[in-house]
Amino acid sequence: MQRRTALAVIALAGSLALTGCDGGAPAATGPVELTMWSWASLQKVAEMWNADHPDIKVTVQEQGGGDELVTKVITAAKAGDGPDLVQAEYQMIPTLVSNDVLTDVAEFAGGAEDSFSESVWKQVTLGSPAVYAIPQDTAPLALFYREDLFTQFGLAVPKTWTEFAETARQLKQKDPNRALTTFSSNDAGLFAGLSQQAGATWWQTSGDTWKVGVDDESSRKVADFWGGLVKDGVIDNQPMYTPAWNKALNDGTQIAWVSAVWAPGTLTTSAPDTKGKWKMAPLPQWTAGAAKTGSWGGSATGITGKAAKDGKAQAAAKFATWLNTDPKAIAALVKEAGVYPAATAAQSSGALTTPEFFPNQPDFYALAADIAKGTAAAGWGPNVNVAYNTFKDAFGKAATEKSSFPAALRTVHETTVADMKKNGFKIEG
Amino acid sequence: MAHTRRLVPHGFLAPAIVLFGLFFALPIGYAAHLSLHSMQVKGLGLGRNAREEVWVGLDNYATALADPELLAGAGRVLRYGAMLVPTMLGLALLFALLLDLPRTRFRAFSRLAIFLPYAVPGIIASLLWGFLYLPSVSPGYFLLNAAGWSGPDLLHGDGLFLALTNISVWGGTGFNMIVIYTALRAVPPELYESARLDGCSEAQIAWRIKIPLIRPSLVLTFFFSTIATLQVFAEPMTLRPLTNSLTFTWSPYMKVYRDAFVQGGLHSAAATAVVIAAVTLLLSFSFLKLVNRRAAS
């Protein structure tokens, strides 16, 4: 018995020693091993890279959605652990930089700048000389509507927000059981995008001081507009991404959705019976004739501090640049992960084929490229998660009680500012 | 030799002490350490080493206690507990007593059927019930509407408490019933016989003999249910995406989770967690003391 225990102890010690080797610096020979965490399915694209690059081997580990991934990667980084590359939504990049998760790879990847539009590139540099990530996809907002039901109810596609409100009222009059759309409080990203369209920049820096503009005039205008529609009962007030919402989209109880270019993917699973019945149109405008839009999501490939520590930053930056600028890689990204690429050349290339769910709109991506041209710049801060979560609770309450949306926006603003002050950020106003 | 003998008990205790230290005392100590510190940034807070852990004393505690949402959350949990514990234990006791009746049929099947929901993980149960609570997809509402009634709004306001209580009653009754039923089976049957000879009805037997005799297990189930109530987390977290009315601070545990893992405030979350742990401990000990004193007298 005793002998067996002794053997077990030796075996255990042996395995510990082995794992000790695994965790150490990369061996001098053999390829550089990189791991990447992402929620998009990039496995096949990474395999393409691995086949062509025997010196750098990338393993993709698919993770849950955006917020969870951010939490996970920050926790891992605190423990000196985690991946070499991470997919991050643009609004989370300052948070990741502030938590020392991402590293500056300007010396390896600065050349990628020319492949992207200025407003996109600014989101991965945070307006500094550093480069923290390589943009992967963008998500300009557009209006998605049920063409068949718009025709049936004699509705015109709204070009301005005034017309949008008018359309919502007309539909309510013609069929009280339907609603044009819903105001959902469970993803602040949409509201942030709508505010960008109206001209808001929620976070800005000047020198070493932050300026928070969550409650600026443009965002208040947006809040007031949607609050009015909810209060008058002309649109629904229940959250998105619930079984009830799926049903409403599928059976035509809701006939439009303000969303981003990735909407076809969501509609495919949420409203499977409506294939070929939806159409995309430019987002309604605040000034007639304008062509502005905001963004809801979009992500970049970040290179982590761990990669830098292990001497793998250059290899990681090389892969991230290839993944997001090489035409072959982008074509695979579009096919496998269904993203709308950030690289400007790819937006008008043949890589984009009409979404399967929108066979009735063969010029889908031509229109998307047109819409994307008017994308307003976004500015993000180091505590977007605090703002977004406060948004959910404050606007959830306002939407249910049909109370003041601008007051809810004020709560979001004040909580965000208080949180930054508490953490020691220098902040103006 | 005597020396070695004195060491033997320590040897037996060692694994327990080591495990207790590693997985209980150490994390608690670390939480206490975190709760007394805070992360401070310099300037923009971007770039390398922009954050620094500093000693803040009891600041985090002051903030935690001053946050009205913590107290409000505690109030909501108490209200939920006041609905849940009596309902769940009342049903568990009733089912156990019914199963214990001499003439009960299908005993094994009924016991299993009542116990089965306990085997369903809380998150799955909440998802399941969540679907049933959404009027536009729920078969229950469909039937109610067909009969000309409109169902209750279970995802807002007072209905929400009912919705959450229902999930927990559904999931927890079976387990408590088994505990109580096991205690009932341990009561010597001679007692019932003599009671019947004295002319007791089954109801009187239950009320005057069974319930007083199984009081220890009733106390135990009450104690565990109360602690479980204070820790309610999975059910409201799972229902949250379905409704605007469940905030991320609905229960104190949810607030700790949000602060720590969603908003990156590990230090303030640690302080709140320590406060909750202290209150829970205090409540548990005073309850046990009360019960012991009553048992002694």
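Show the residue pairs that are 6+ apart or on different chains and have beta-carbon atoms under 8 Å apart, the first residue being within segment B:247-259 and closer than 20 Å to B:HIS156 by Cα, the second being among the aromatic types (Phe, Trp, Tyr) and part of a loop (DSSP other than H, G, I, E, B).
Matching pairs, first to second residue: B:SER251/B:PHE233; B:MET254/B:PHE233; B:MET254/B:PHE248; B:LYS255/B:PHE248.
Report yes if B:ALA277 is buried (at least 21 other Cβ atoms within 10 Å of the Cβ), under 28 Å from B:VAL219 (Cα atoms) and either among the aromatic types (Phe, Trp, Tyr) or under 19 Å from the mean Cα position of the chain (by Cα) (or both), otherwise no.
In short, no.
Looking only at segment A:183-222, filter to residues that are more than 21 Å from the chain's Cα centre (by Cα) and assigned to a helix (DSSP H, G or I); which one of those is nearest to A:ALA398 (Cα to Cα)?
The selected residue is A:ARG220.
Quickly run through segment A:405-429 and pick out the residues that are surrounded by fewer than 20 Cβ atoms within 10 Å (Cβ to Cβ) and in a loop (DSSP other than H, G, I, E, B).
A:GLY424, A:LYS426, A:GLU428, A:GLY429
Just give me the residues in segment A:369-401 being small (Gly, Ala, Ser) and either within 11 Å of chain B (Cβ to nearest Cβ) or touching a Pro at 6+ places or on another chain (Cβ under 7 Å) (or both), in sequence order.
Answer for segment A:369-401, where residues must be small (Gly, Ala, Ser) and either within 11 Å of chain B (Cβ to nearest Cβ) or touching a Pro at 6+ places or on another chain (Cβ under 7 Å) (or both): A:ALA372, A:GLY381, A:ALA387, A:ALA394, A:GLY396, A:ALA398, A:ALA399.
Quickly run through segment B:255-265 and pick out the residues that are buried (at least 21 other Cβ atoms within 10 Å of the Cβ), more than 9 Å from chain A (Cβ to nearest Cβ) and not β-branched (Val, Ile, Thr).
B:LYS255, B:ASP259
Is there a residue in segment B:104-113 that is in contact (Cβ under 8 Å) with a residue 40 or more places away in the chain and within 25 Å of B:LEU218 (Cα to Cα)?
yes
Does any residue in segment B:133-149 that is buried (at least 18 other Cβ atoms within 10 Å of the Cβ) and of a type outside the set (Asp, Glu) come within less than 6 Å, Cβ to Cβ, of a residue that is at pLDDT 90 or above and not in a helix (DSSP H, G or I) six or more places away or on a different chain, and which pairs are these?
B:TYR133/B:LEU154; B:TYR133/B:LEU155; B:TYR141/B:PRO135
Taking the condition of being of a type in the set (Gly, Ala, Ser) and more than 19 Å from the chain's Cα centre (by Cα), how many residues in segment A:245-269 meet it?
Total meeting the criteria: 3.
Does segment B:173-220 hold any residues that are without any contact (Cβ under 8 Å) to a residue 40 or more places away in the chain and among the basic types (Lys, Arg), and which are they?
Residues satisfying the conditions are B:ARG196, B:ARG208, B:ARG215.
Quickly run through segment A:194-213 and pick out the residues that are more than 14 Å from every other protein chain (Cβ to nearest Cβ) and on the phi > 0 side of the Ramachandran plot.
A:GLY199
Can you go through B:ASP100, B:ASP158 and tell me which one is within 14 Å of another protein chain (Cβ to nearest Cβ), at pLDDT below 95 and at negative phi?
B:ASP158
Taking segment A:126-136 as the region of interest, how many residues are away from chain B (no Cβ under 11 Å) and of a type in the set (Ser, Thr, Tyr)?
0
Need pairs with beta-carbon distance below 6 Å; first residue over 19 Å from A:THR375 (Cα atoms) and within segment A:249-267, second assigned to a helix (DSSP H, G or I); sequence gap 6+ or separate chains.
What qualifies is A:LEU249/A:SER270; A:ASN250/A:ASP273; A:GLY252/A:LEU149; A:GLN254/A:ALA248; A:ILE255/A:LEU149.
I'd like the full set of residues that are within 9 Å of chain A (Cβ to nearest Cβ), surrounded by 15 or more Cβ atoms within 10 Å (Cβ to Cβ) and either modelled with pLDDT of 95 or more or out of contact with any strand residue (DSSP E or B) (no Cβ under 9 Å at 6 or more places or on another chain) (or both), limited to segment B:5-61.
Hit for segment B:5-61 is B:GLY47, nothing else.
Quick check on segment A:65-94: of everything there that is within 24 Å of A:TYR340 (Cβ to Cβ), surrounded by fewer than 23 Cβ atoms within 10 Å (Cβ to Cβ) and facing chain B (nearest Cβ under 10 Å), which residue is modelled with the lowest pLDDT?
A:ASP67
The values are calculated or read from the model by the stated rules, or taken from the named source; none is laboratory data. No experiment lies behind these values; they were computed from the predicted model shown. No Cβ is skipped: glycine too gets one built from the backbone with ideal geometry, and neighbour counts run over all protein chains shown.
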